[in-house]
Structure formats: structure tokens, C-alpha cells
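Read through the structure below, which is laid out as C-alpha cells, and then see the notes.
The values are calculated or read from the model by the stated rules, or taken from the named source; none is laboratory data. Quantities reported herein were computed from a predicted structural model and do not represent experimental measurements. Cβ placement follows ideal geometry from the backbone for every residue including glycine, while neighbour counts extend to all protein chains displayed.
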């Protein structure tokens, strides 16, 4: 009697999901660490003697530095193929810089640690996303990145609550930063486990899933223009929260609650849009952009109930960005340029978001209607680019995101 055994392809496919879950667990604990810290970094720097201008420069400069460095990090990952080395070094800098803040006594070294944390994130993101794209070629890129984003958001929502609980008990920022060594250590432990279990993550990739001759195709650059439009028009939550406080129609406690709601919606939307991307392809981005274009008029409404709907749509759009935008890069680009493509996306998206946030902030001083118009038009402008990118890729490739996309 012959005994049927799973084929090597089936065995590799089954290993893809545990790999995605392991990296998702790393991101969960990592987000608890640095999102928890980011929730109180501003007042901590102020306590150490930094001026408001210095805090603003450190925060904005750190974000800008992090996005710009991702281009270099992506190119380095593709050239060396040392995905684990770059990911490990990046996570180590990213995570250990946070509890080290507890050791600072002046705002300058604290500011340098903040910049080092952003540098670490820049170094590890393209390489990690490239490894995720290898595994998600087995599960469907949309579902794989959506699952990772959902786990990431659990950490993003938990981190500030964890820090708030420590500060409430000890009334000390340094104690909160010191306690963040626990989730930082957990993240590095799970990263080590993933490294030991999956020493060659590129083996998870479906080698027949190849696009073009190793160059980034025109469809990628068209798609990138659309992503930049979405980023420029996506009003950041600090400005939304500032408006809530300034207008007075949202109670202070509700500002934090609404943000938590948006983060929860983000995680659910990431999974949903990821699955839809696997089924319908790049044109799902059109629906995401259309939904995102609705939220500005609602979130800046004077009616509380309408504001809540706007915040929910803001979370939906954020979830779609974090899952589908990355999944689309995996679908559009050859594996030999995958990390570089992620680095380019991150840099362009970050610069566009930075510029768009500055424009929205300036417009807010003059006219709320102008802010709404700018955010809405910028996001609607992305739709023709997404449509063209999907058409250039072709209907079969635009829909196909892995052999188990319908599983």
C-alpha cells in the first residue's frame, strides 16, 4: 500500500504562515516598545529642558530621517541579500534605544536616542518587508501583509496603554522607559527564533512569480505616484486631535478613545483589504482611495456623531495603506529588486506625507474648508494612477498574488 506524502511545495506553503506570524509577533512587541515611548517622548524631552521648537525638530526630523534612509537600506538589502543581518541590526538599534532613554539626564542625548531609534527602524523595514513578500507569495500578498499589519496594530494600541499604566502607578517617565525593556526583549527573542527556524526566507518564495527582467517596471512608478498622492492628502491624527481640542466638540478623554477605535479599525481593515487585494488585484486601491477621500469632510465636522464616522473611515484608509500598498509592491516588482522597491515606496510615501502634513497645518491657520479640499483632492488624484498601474500590469497579474489567494 502506498502512502501519500505532502509534496515539497505543499510543505513550504505550510511553513509560510508560521513565518508571517513570527514576524507579526516581533512587530507586535516592537510596537509596544516604540509606540509606547512615542506617546510620551514629547513631554519627556520637555522635562529634560528641550524647548517646543526642539521637540518639534526632533520629532519631525526623526521621521524624515527614517523615511529617507529606507531607500539606502533597501538597495543595501538587495545587493547583499543579508536580509536577516539588516533586520537584526535594525531591530536592535530600534528597540534598545527606547529603554536607554531612562538613563538620560539631558534632552540632547535623549534626542540622539530618538534619532537612533528611527534610524534602526529605517534599516530593518525594507529587508523585513522583502522577507514578508517571499512568504506571502505562498498565502497571497494581501492576506500576508494584512495579517502582519493586524498584529502590528495590536502592539501599537497596547504600547501607549502600557506606558500610561506605569506612569499612573509610579508617576515617573524614566520608570516607564525602563519597563519597555520587557517587550523590547520579547521582540528580539522572537526575531531570534524566526532566524533559527527560517535561516533562508527566500526559499519560501515562488520562483515562478517573476516580473520583467530585473528592472522596476513602469507600472511600479505609476503606482508610486498614486501612493504619493494618498500620502500627501492623508491628514495625520495629531492635527485631527488638535482640531478636536480647539473646536471643543470632542471631550479630551474621547480624543484618546477615538484614536484607539481608529487603531482597532485599522487592524480589521488591513485583513479585509488584504483579502480583497488577493481576489481583485490593484484596482482595490481605487476603492481604498475613494473611502479615504471621504473622511476629511466628516472628521472636521462640528457634529460629534459625524466625527466618529470620519475617524472610523480614517482608520479604514490607514489599514488599507499598511497592507495593500505593501502587497502591491510585492506584486509589481521582481524579487531581485524587492527590498529596493520597498525602500523607494517608504521614502516617497514619507516625504509626501511630511510635505502634505506641513501644507495641511498651514492651511488650517487660514481655512478649515481649505484643509478638507486639499486632503480630498489629493487622495482622489491617486485614483487615475492606481487604475493605470492595474491596467498596465494586466488583468491576470493584477489579480494573482499567490497560488493560494482564494484559500
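A few notes on this one:
- Index of the failed condition, residue 126 passing every other in (1) touching a helix residue (DSSP H, G or I) at 6+ places or on another chain (Cβ under 6 Å); (2) modelled with pLDDT under 90; (3) under 25 Å from residue 328 (Cβ atoms): (2)
- Sole residue being without any contact (Cβ under 8 Å) to a residue 40 or more places away in the chain and either part of a helix (DSSP H, G or I) or under 30 Å from residue 172 (Cβ atoms) (or both), chosen from 109, 99: 109
- Residue 292 being surrounded by fewer than 24 Cβ atoms within 10 Å (Cβ to Cβ) and over 13 Å from the mean Cα position of the chain (by Cα): no
- Among residues of the range 216-241, those that are part of a helix (DSSP H, G or I) and in contact (Cβ under 8 Å) with a residue 60 or more places away in the chain, counted: 18
- Residue 377 closer than 20 Å to residue 144 by Cβ, in contact with a helix residue (DSSP H, G or I) (Cβ under 8 Å, 6 or more places away or on another chain), in contact (Cβ under 8 Å) with a residue 24 or more places away in the chain and outside the structural domain of residue 129 (by TED's automatic domain parsing): no
- Condition check for residue 352: in a helix (DSSP H, G or I), within 16 Å of the chain's Cα centre (by Cα) and within 17 Å of residue 389 (Cβ to Cβ): yes
- Residue check, residue 184 surrounded by 20 or more Cβ atoms within 10 Å (Cβ to Cβ) and at negative phi: yes
- Scanning the range 369-403 for residues that are surrounded by fewer than 17 Cβ atoms within 10 Å (Cβ to Cβ) and at pLDDT below 90 yields 391, 394, 395, 396, 403.
- With respect to (1) out of contact with any helix residue (DSSP H, G or I) (no Cβ under 8 Å at 6 or more places or on another chain); (2) touching a residue at least 40 places away in the same chain (Cβ under 8 Å), the lone exception for residue 362 is condition (2).
- Within the range 309-340, the set of residues being surrounded by fewer than 24 Cβ atoms within 10 Å (Cβ to Cβ) and not in a helix (DSSP H, G or I) comprises 334 only.
- In the range 253-306, the residues that are under 21 Å from residue 233 (Cα atoms), out of contact with any helix residue (DSSP H, G or I) (no Cβ under 6 Å at 6 or more places or on another chain) and not in a helix (DSSP H, G or I): 302
- Test for residue 275: is it surrounded by fewer than 17 Cβ atoms within 10 Å (Cβ to Cβ) and at pLDDT 85 or above: no
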